[in-house]
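The values are calculated or read from the model by the stated rules, or taken from the named source; none is laboratory data. In this text the structure is predicted, and so the values were computed from the model without any measurement. A quick note on method: Cβ atoms are made from the backbone with ideal geometry, for glycine too, and the neighbour counts reach across all protein chains shown. Side chains are part of the model used for accessible areas, which takes the heavy atoms of the whole protein and leaves out ligands, DNA and RNA. Shrake-Rupley method; radii C 1.70, N 1.55, O 1.52, S 1.80 Å.
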Amino acid sequence: MWTAFVDFLAYVLSSLTAWTGNLGIAIILFTILTRLAMLPLTIKQLQSSKKMQELQPLMAELRRKYGRDQQRLAEEMTRLYREYRVNPAGSCLPLLIQLPIFLGVYQAVIHIVQDTSLAINQKIFLGINLGLATFQPANQFTQNLPGFQPGFQGWHYLILPVLSVLLQLMVSLMAQPKIQDPQQKAISQALLFMPILFGYIGFTFNQGAVLYWVAGSLWAVIQQYFVTGFGALTNIFPFLPERKGFLTPSTPLPATAEPEAE
């Protein structure tokens, strides 16, 4: 099944490359089409994330009241999620869908750069061979590519990996509220390790897959701005304008609310 999926992605990207004349433009177009197809699911995910942020005061009160009784705390948290129709795992689903596509694009690009029916210049984007990684080991896929040399491929091969880290950091910070309680802040700081992980991937995966991730991250930055504004990014750059975003919770939260007494 995985092989069929990769072959399908390779066919789509090859068709788009033939239509646009360049693999890089094809990957960007493919990214846009993929994100548009996922938009309804992404909107639900963003609504869930925003509702989770707005529930933080109620959750903090529950932790204060039932912190010593973990079973009761879990029951009250579940009741709170059910009452306000929030799925804590809902924000993970789009990422779980994107990862197989990312890995599929990685392998599809390898197939495409080996396709002799495509001209060499169709596989080059902004002077970057999309079949190579920033630090490319010699292997059976690359040793026959024109101009290939093992190791560091050049300073311009750092552009996409660095962009992938910066854009992922922006998305992570924009998704966080400007003011956070200590526990939420600790969780938010832990999540900042994800961009570092994808940065490592960006230096070791072929540039075609990294271009797909960068284009998707840029889309996510724009999308997040319209949903939540700049979020916690304003803590680092105070000159950025603050805005609440267009996405409102589906179930209004009370102005003040307290957990039920024991």
With each label point set 7 Å from Cα along the Cα-Cβ vector, what nm distance links Asn235 and Thr3?
-> 4.9 nm
Full-extension gain in nm, Glu242 to Trp19, via 0.36 nm per residue minus C-alpha separation | 76.1 nm
Between Ile32 and Phe135, what is the FRET efficiency for a Förster distance of 25 Å, r being their Cβ-Cβ separation, to the nearest 0.05?
-> 0.30
Sites Met194 and Ala60, calculated FRET efficiency, Cβ-Cβ separation with R0 35 Å, nearest 0.05 = 0.90
Name the long-range amide H neighbours of Leu118: under 5 Å, sequence gap of 5 or more, or other chain; modelled H, no Pro or chain starts.
-> none
Given 0.36 nm per residue, what is the gain on full extension from His156 to Tyr11 after removing their alpha carbon distance, in nm?
-> 49.4 nm
So what is the accessible area of segment 1-72 per residue, in Å², with the probe set to 1.4 Å?
-> 55 Å²
Please report, as a whole percent, how much of the solvent-accessible surface of segment 1-116 comes from carbon and sulfur atoms (probe radius 1.4 Å).
-> 63 percent
